[in-house]
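For reference, the structure is listed below as structure tokens.
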Amino acid sequence: MDLMNIQKPPEGAHAEADGVTYHYIELGTPGGSPTVFLHGGGPGCTGWSDFGQVAPLFAQDRHCFLVDILQYGKSAKPVIEGPMWDYHAAKTVALLDTLGIERADFVCNSWGGTIALNLAAKYPERVRSLTITGSMPVFHGPLAPLPEGGRRGRNARDVYYGGTGPSWEKMRDLIARLEWYDAGAIPDDTVTLRYEQSLDPEETALAGASDNPRGDWQDLTAELGAIQAPTLFIWGMYDAFLTPDYPLMLARMVPKGNLHVMDQVSHHLQEERPHDYYTAVTGFLNQQHA
């Protein structure tokens, strides 16, 4: 199976969840273990852009839901007020209710991982396990200050949408600088998918808003210690946002935390090395069935 060139996304479906509408893509076998994929917060990111390459492997024996988180993709673009991770966690639980999912494995990248960590702390009965890549749930690092004060993602979004505005070339440059280790391996179709989604008028309006439409940032230090679900932090050795000392700290803060560091990848290892990512993650997930 050639996973490097991302396929065109399936149509997907919409679901109402406590006053907002989510878009998601469903793959796999309804009898399989429910697995929810939550993507990152980069410009143009969607459930499919972040996990469309690797999800078909998980779908061989799992019931997969690739969710567009709120303010991204084809999901609703509400202005969020109050603590942002509490808002996303509550709405995601409402989505689980609508979809009839009592308990799920969460496989997440970056922004989506922080949502899932908070969800696991606040709604422990809904989470069977967590797989987290490139997320920043706490504002401090163990060895050094976080790059750009932890604002590297927001700064990159400002640069992408600023100046002359979005372009295919700027999107490729962003992915090359911040998300992939080997810039020469980035598929053109991935760049195009992200670029076209980034032009969504509502996403553009959110990016250009002078106030903070994404809600108030939360530090989840207290929450991490309350997480009972087995958690795998799977990280790129060359993550452009947070070096591997950071997830090692997180793995020690979560009672059942584990860390796997993958060589020759940056922030989107599930796209850059999908077979290896799947092998490591599915091994962890299968342990949890024991």
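The values are calculated or read from the model by the stated rules, or taken from the named source; none is laboratory data. This one's a predicted model, so the numbers in the text were calculated from it and none came from an experiment. Using ideal geometry, Cβ is built from the backbone for each residue, glycine included, and neighbour counts are taken over all protein chains shown. Surface areas here come from the heavy atoms of the whole protein model, side chains and all, with no ligands, DNA or RNA. Shrake-Rupley method; radii C 1.70, N 1.55, O 1.52, S 1.80 Å.
What the table shows:
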| quantity | calculated |
| --- | --- |
| Calculated FRET value between Asp182 and Asn286, using beta carbons and R₀ = 25 Å, to 0.05 | 0.30 |
| Relative contact order [Cα under 8 Å, 6+ residues apart], segment 190-264, whole percent | 30 percent |
| Inter-label distance for Thr29 and Arg151, nm, one decimal - labels placed 7 Å from Cα along Cα-to-Cβ | 5.0 nm |
| Over 18 Å [Cα-Cα, segment 153-201], rounded percent | 23 percent |
| Shape of segment 166-290, Cα gyration tensor, a/c cut at 1.5 | oblate |
| Helical contribution to [θ] at 222 nm, DSSP H n ≥ 4, -39,500 (n - 2.57), averaged over the chain, rounded to 500 | -10500 deg cm²/dmol |
| DSSP bridge pairs, segment 1-69: antiparallel proportion in percent, nearest 5 | 65 percent |
| Close Lys-Lys pairs in the chain, where close means Cα under 30 Å and separation is 8 or more or interchain | 13 |
| Stretch gain in nm, segment Asp97-Trp217, where the contour uses 0.36 nm per residue and the Cα spacing is subtracted | 40.6 nm |
| Charged-residue dipole, Cβ positions (Lys, Arg, Asp, Glu), the chain about Cα centre, Debye nearest 20 | 460 debye |
| Rounded FRET efficiency, nearest 0.05, which uses the C-beta distance separating Gln7 from Met237 and R0 of 35 Å | 0.80 |
| Per residue value of the accessible surface for segment 1-90 (all protein chains in place, 1.4 Å probe), Å² | 35 Å² |
| Sorted peptide list for 201-207, 125-131, criterion being average Cβ within 10 angstrom, highest first | 125-131, 201-207 |
| Contact order normalised by residue count of segment 71-195, Cα under 8 Å, 6+ apart, percent | 16 percent |
| For Leu38, distant residues with modelled amide H under 5 Å away | Val107, Cys108, Asn109 |
| 3J(HN,Hα) from dihedral phi, segment 125-138, Karplus parametrisation 6.51/-1.76/1.60, rounded to Hz, x for glycine, proline | 6, 9, 10, 8, 7, 10, 10, 10, 10, x, 8, 10, x, 10 |
| The chain - percent of accessible surface contributed by carbon and sulfur, probe 1.4 Å | 52 percent |
| Average accessible area per residue (Å²) across segment 123-275 - probe 1.4 Å, nucleic acids and ligands excluded | 44 Å² |
| Per-pair calculated FRET efficiency, R0 = 30 Å: His140 and Asp61 via Cβ, rounded to 0.05 | 0.20 |
| Distant alpha-carbon pairs in segment 216-290 (separation over 18 angstrom), percent | 46 percent |
| Cα→Cβ-extended label distance, 7 Å offset, between Glu125 and Asp200, nm | 3.2 nm |
| ³J(HN,Hα) computed for each position of segment 67-73 - Karplus, 6.51 cos²θ - 1.76 cosθ + 1.60, integer Hz, glycine/proline x | 9, 7, 5, 4, 6, 9, x |
| Relative contact order (%) - criterion: Cα under 8 Å, at least six apart; region: the chain | 21 percent |
| Translational D in µm²/s for the chain (Stokes-Einstein at 10 °C, 1.306 mPa s, Kirkwood Rh from C-alpha pairs) | 85 µm²/s |
